[in-house]
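In what follows, a structure is listed as structure tokens, so that the remarks can point back to it.
The values are calculated or read from the model by the stated rules, or taken from the named source; none is laboratory data. Keep in mind that this is a model prediction, so the values were computed, not measured. Positions of Cβ are backbone-derived with ideal geometry, glycine not excepted, and every protein chain shown enters the neighbour counts. Keep in mind that these areas ignore ligands, DNA and RNA; they rest on the heavy atoms of the full protein, side chains included. Shrake-Rupley method; radii C 1.70, N 1.55, O 1.52, S 1.80 Å.
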Amino acid sequence: MVKICCIGAGYVGGPTMAVIALKCPMIEVAVVDISVPRINAWNSDQLPIYEPGLDEVVKECRGKNLFFSTDVEKHVSEADIVFVSVNTPTKTRGLGAGKAADLTYWESAARMIADVSKSDKIVVEKSTVPVKTAEAIEKILTHNSKGINFQILSNPEFLAEGTAIKDLFKPDRVLIGGRETPEGLKAVKALKDVYAHWVPEENILTTNLWSAELSKLAANAFLAQRISSVNAMSALCEATGADVSQVSYAVGTDSRIGPKFLNASVGFGGSCFQKDILNLVYICECNGLPEVAEYWKQVIKINDYQKTRFVNRVVASMFNTVANKKVAILGFAFKKDTGDTRETPAIDVCKGLLGDKARLSIYDPQVTEDQIQRDLTMNKFDWDHPLHLQPMSPSTVKQVSVVWDAYEATKDAHAVCILTEWDEFKSLDFQRIYENMQKPAFIFDGRNVVNAGQLREIGFIVYSIGKPLDAWLKDMPAVA
Ligand code: NAI
């Protein structure tokens, strides 16, 4: 029986391995992690991450051919294929701080693999890593190998949170990069055979190692760039009276462009886009390509601009001050159908409003008070480290309350900011919300989920990103 071990039981390691276990009953899969609470949660009824369909897959396989364990060394030493899906945060200190990927966790995993291995292994990069990381990992493994043969493969993950199980069941493509030597090709074939249990062969792409590593960074940069492009247009739409939804639709019907990922919003978030683009920028700079680096940097700059623009719009519309005003925040996760708050635009928007002394009442169907307080007190990039190594939040932000109901959040509020596109926000009873709010009652829709026309009829002053502005908002321009 083939044995697989995955180091890192996070948003990628957990769902990916659960699906491999489900689709390959003849393969034994162990997911290991240094975080005890995380592994305990994977072994409980309350999984550590929320992802539609994940519970069912885990329940089907756990204890049969899918195991979660903190005994990292045992499972690594027994495995034929070792996936590494650990954190690759942005460096906060030293060379490349604020841009380069911090490979501390990756390196420590590689050294541990070399230490405990007694048989040949295929080591698979599942984490997103800088191009050429495989070379460094290969050196670590071979210098400590005691004659054991290691083959390194790059197999970046393209799943999107919120649709991870769907994406894993039917991926657009699986990408496997390996050395173009007989041993390398054999390793590629072994991993291909795993995916071939459910992925059509034509959807399994094989490349050299460097192309696979770079493709992941490139794919995330292209995706984020589309969002920044449409968000840049949203600012121009507001200034000219065009409607960004109509513009996106007209642009997206061009078959060369396509309709996906063209929704204007308060900005992109998630653990990957910013981190991976910063990493790409750093790699370009290191390779003497400052123009290319500058080009990709703009994608992040527009994203930051969009969040600032939103905060400025809120404050400017409300007579240039939100001090002591209650602002309801609906949605904190970086997108719907996930509880993940890493790099969510809600953090910057909330911090911006708190900077102007607002009182915030936050509701998100999947995010806990503890998480929100941690996010609002943590330093940039601290979130991307294993849970037990993250700083504990020293104090809570007093002007923030977290509630478990949208009606409670909006009661007596001066304004509502919608920051995540949860479906339930579309069907709220806005008449009831309006009656319980201070007047004038404002709605700032950062995801274009509500029907602005209907809300205006109720009496709200409505701001929808990239849409023609209410007369009120036109008279109160936001200047950064
Ligand atoms: P995560 O933070 O959810 O999980 C990483 C896990 O690795 C943590 O539970 C941590 O405790 C564990 N870990 C760290 N060092 C370890 C070690 N030496 N031994 C054992 N366990 C260790 O991170 P996530 O989101 O799963 O991301 C992992 C990698 O996958 C990152 O490189 C990320 O860029 C990439 N990725 C993430 C995607 C996402 O949607 N979250 C999508 C595609 C790629």
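For Ser401, the amide hydrogen comes within under 5 Å of the amide hydrogens of Leu360, Ser361, Ile362, counting only partners 5 or more places away or on other chains and with H modelled in the peptide plane. Sequence-distant contacts, meaning Cα pairs under 8 Å at least 6 residues apart, place the relative contact order of region 226-289 at 33 percent.
To put it simply, the accessible area of region 317-401 at a 1.4 Å probe is 50 percent carbon and sulfur. Along the Cα-to-C-beta direction of Asn320, a point sits 7 Å from the Cα; which residues of region 437-480 have their amide N less than 17 Å from that point? Inside the label zone: 473-480. Take every pair of alpha-carbon atoms less than 8 Å apart whose residues are at least six positions apart; their mean separation over the length of region 104-179 yields a relative contact order of 32 percent. Taken along the Cα-to-beta-carbon direction at a fixed 7 Å, the label points for Asp405 and Phe222 span 4.7 nm. The distance between label points at Thr104 and Lys59 comes to 3.9 nm (points 7 Å beyond Cα on the Cα→Cβ vector).
The charge dipole of the chain, taken about the Cα centre with unit charges on the Cβ atoms of Lys, Arg (+1) and Asp, Glu (-1), comes to about 660 debye, rounded to the nearest 20.
A simple spin-label model places the labels of Leu185 and Thr396 6.2 nm from each other, with each point 7 Å out along Cα-to-Cβ. One equal scatterer on each Cα of the chain, no solvent, Debye formula: the resulting log10 I(q)/I(0) at q = 0.05, 0.12, 0.13 Å⁻¹ is -0.20, -1.08, -1.23.
Distance distribution note for region 325-456: the fraction of Cα pairs above 22 angstrom is 33%. Evaluating 6.51 cos²θ - 1.76 cosθ + 1.60 at θ = phi - 60° for every residue in region 205-213, the Karplus couplings come out as 8, 10, 9, 6, 4, 6, 5, 5, 4 Hz, glycine and proline recorded as x. Close amide H contacts of Val31 (hydrogens built in the peptide plane, cut-off under 5 Å, sequence separation of 5 or more or a different chain): Cys6, Phe67, Phe68, Ser69. A Förster radius of 30 Å, combined with the Cβ-Cβ distance separating Glu78 from Lys139, puts the computed FRET efficiency at roughly 0.75. Among the protein heavy atoms of region 62-201, carbon and sulfur supply 51% of the accessible surface, probe 1.4 Å, non-protein parts ignored. Only Cα pairs under 8 Å and 6+ residues apart enter the sum, and on that basis the relative contact order of the chain stands at 13 percent.
In the context of the full set of protein chains, residues of the chain present 44 Å² of accessible surface per residue (probe radius 1.4 Å, heavy atoms only). Cα centroids of region 273-289 and region 368-382: 26 Å apart.
Computed from Cα atoms, the angle from the helix 345-355 axis to the main principal axis of the chain rounds to 50 degrees. Tell me the angle of helix 290-317 to the major Cα principal axis of the chain, expressed in degrees between 0 and 90 and rounded to the nearest ten. Result, in degrees: 30.
A Förster distance of 51 Å, applied to the separation of the beta-carbon atoms of Asp429 and His197, puts the FRET efficiency at 0.60. Relative to the 2.2 N^0.38 Å rule of thumb, region 207-252 has a C-alpha radius of gyration ratio of 1.63.
Full extension of the chain segment joining Met26 with Lys301 gains 94.2 nm, where the gain is 0.36 nm per residue of separation less the Cα-Cα distance.
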